[in-house]
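Please treat every number below as a calculation from the coordinates, not as lab data. From a predicted model like this one, the values you see are computed outputs, not experimental measurements. Glycine gets a Cβ as well: all are built from the backbone with ideal geometry, and neighbour counts include every protein chain shown.
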Amino acid sequence: MRTKPYILKTIIKKVLTPQLIVFFLCLTGFQEVHAASQRVISTSPAITEILFEIGAGDRVVGVTDYCNYPKNACRLPSIGGPLNPNTEKWIALKPDLIILQDDSVVLNKHAKVFKIPTLEVSVNNLENILTSIQVIADAMQIPKAGKQLVDKITTQIDNYRTSIGKTKARHVLMLLSDTNDPSRDLYAVGRNTFLNELLSIAGGENILPDTMATYPKISKEFIIAKSPEIIIEVGPKSNLSKEETLAR
């Protein structure tokens, strides 16, 4: 004897409760599982430092030519630079996630070609850096570590601002270049950067006007004309010997 259609529908409605449907999907393999990434490629020094600081350094399998901190990151394979990535190395490393800065057009394009999952973050100012720390920690499924790091940085910044108080600001020029190396062009740190935010927190006043680029190329004549009280070099040092540096 066949079960009538309307009776069958009634049985299904009564028996297949939402809980049983979920259980059934689990048994049949249809449940979507979001596992934490285990083989991550970092595409910038900032991202690399965040990953290691939140305790996910053991899951990083590749970094860039510019990632030089912490020491353990220096021992990892390099995937090249943001403009000249070694995509063959990408494939060899078998990443399950590539973390990119949101302005990494070239890297993002290659990741899409090879169908590698990506996570985009922004590190262009302090607010975005703090947000990106939590975004990365969430993606690695260690949200508490992200919150702890964000709270730590926020507290340190607040404490430093309090200690500085109303100290008179000093006129400062921040350079990404070594002024002792004649072979290098001079690039300064503009106002719309996280480095400028750090400078302000430390009691400095950037001599560059708002109208200049984020990291403008400047001349030594410009430096002389502006006559900053302090020059801070935050870029890599030159290969000049001590004698050559003193001679200049």
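At-a-glance table
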item: Value of D in µm² per second that Stokes-Einstein yields for the stretch 58-158, Kirkwood Rh from Cα pairs, at 37 °C (0.692 mPa s); result: 223
item: Residue-by-residue Karplus 3J(HN,Hα) for the stretch 56-63, coefficients 6.51, -1.76, 1.60, Hz, glycine and proline x; result: 10, x, 6, 9, 7, 10, x, 9
item: Sequence ranges 151-158, 51-58, 130-137, 79-86, ranked by mean other-Cβ count within 10 angstrom, highest first; result: 130-137, 51-58, 79-86, 151-158
